[in-house]
Amino acid sequence: MTKYTYTDKKDTRSGFGAGLLEAGKRNDKVVALCADLIGSLKMQDFINNFPERFVQVGIAEANMIGIAAGLTIGGHIPFTGTFANFSTGRVYDQIRQSVAYSDKNVKICASHAGLTLGEDGATHQILEDIGLMKMLPGMTVINPCDYNQTKAATLAIAEHEGPVYLRFGRPVVPVFTPADQNFDIGKAWMVSEGTDVSVFATGHLVWEAIQACEQLEAEGISAEVINIHTIKPLDAEAVLRSVAKTRCVVTAEEHNRLGGLGDSIAQLLAVNSPTPQEYVAVNDSFGESGTPEQLMDKYGLNAKSIVAAAKKAIQRKG
């Protein structure tokens, strides 16, 4: 297996902030809008450099989406920023009608997603956002794994024509992907090749999958880890190629098991290659208050759970 190490930990939201600033330098059509969370979304550097290209909408998320949709008509590339819960659930009607149905070039950028929001509790820990957004026709859905990949994804979506949902988080996590990487929307990243089980992970669970892969290797089990940073469009070719080799699957995500990455892969396999599959995800429940580490452990979103799921999937394939 490929070995991964890290020398730094950073939050993925800071990767977004760095990417937004660079995107603004590259293209003067890039504009930013925020719903009263500049610090949380790491937008200050963009504002300092391009104050005339920033709109502070305030706590009016629906209005922010409407303004963003309107700005595209003049050729601008708007990036909206707020918490994932407010970026999706609170404004789903506006996104559906004004962005997705109208095919507007809006980049919906969402921080503080999933259980790792921690102490803010269930009201803010949205675990349904990927499902909500991937169901919208024409919507691209991206969930990068670390600081560098989030920065690269932010630059990539600035050049992509069409609506995008970009999901990232608050906690500091290992930075293990290359700083100079090219982010290819819709193309999975082979993290580590293996032969016994395919582990498809996204977001914060990619690093956990790498740790699980190392533990499995120590027990003589060869796990293939693939980073599905783009959940829609799904890299069907990469998924089917891996499954043809391993014949069993684990999906790992910081999301409800209903409607997320696991369901996308299950649908693909049901039609093309029925395969034993185990989910590492929140089992149809809301979250609760606690530290990110406590919650990820309680809800089974860690390397230990991926190891157990991999062994179960291998057993099922016979």
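The values are calculated or read from the model by the stated rules, or taken from the named source; none is laboratory data. Owing to the predicted nature of the structure, the values given are computational and were not obtained by experimental measurement. All Cβ positions, glycine included, derive from the backbone under ideal geometry; neighbour counts span all protein chains shown.
Annotations
- Candidates 123, 88 - the one that is modelled with pLDDT under 95, closer than 22 Å to residue 254 by Cα and more than 13 Å from the chain's Cα centre (by Cα): 123
- Of note, residue 188 does not satisfy the criterion of being under 26 Å from residue 91 (Cβ atoms) and more than 12 Å from the chain's Cα centre (by Cα).
- When we screen 176, 200 for residues that are buried (at least 24 other Cβ atoms within 10 Å of the Cβ), outside any helix (DSSP H, G or I) and aromatic (Phe, Trp, Tyr), the only hit is 200.
- The lone exception for residue 237 - which of (1) surrounded by fewer than 17 Cβ atoms within 10 Å (Cβ to Cβ); (2) outside any loop (DSSP other than H, G, I, E, B); (3) under 17 Å from the mean Cα position of the chain (by Cα) it fails: (3)
- Residues located in segment 142-172, provided they are part of a helix (DSSP H, G or I), buried (at least 24 other Cβ atoms within 10 Å of the Cβ), touching a Lys or Arg at 6+ places or on another chain (Cβ under 9 Å) and not aliphatic (A, V, I, L, M): 147, 150, 154
- Contact map, segment 48-66: first residue closer than 13 Å to residue 38 by Cα, second residue in a helix (DSSP H, G or I), Cβ cut-off under 6 Å, separation 6 or more or different chains; pairs are 54/47; 57/63; 57/64.
- Qualifying residue in segment 126-135 (condition: crowded, with 20+ Cβ neighbours inside 10 Å and under 21 Å from residue 21 (Cα atoms)): no
- The set of residues from segment 23-51 being closer than 14 Å to residue 77 by Cα and surrounded by fewer than 17 Cβ atoms within 10 Å (Cβ to Cβ) comprises 25, 26, 27, 28.
- Residue, nearest to residue 44 (Cα to Cα), within segment 59-87, restricted to residues that are assigned to a helix (DSSP H, G or I) and touching a His at 6+ places or on another chain (Cβ under 7 Å): 84
- In segment 52-64, the qualifying residues are those that are within 13 Å of residue 30 (Cβ to Cβ) and either in contact with a strand residue (DSSP E or B) (Cβ under 6 Å, 6 or more places away or on another chain) or outside the structural domain of residue 19 (by TED's automatic domain parsing) (or both), and the one that is surrounded by the most Cβ atoms within 10 Å (Cβ to Cβ) is 54.
- Residue in segment 250-271 that is touching a residue at least 12 places away in the same chain (Cβ under 8 Å), more than 20 Å from residue 113 (Cβ to Cβ), surrounded by 24 or more Cβ atoms within 10 Å (Cβ to Cβ) and not assigned by TED's automatic domain parsing to the domain that holds residue 119 present: yes
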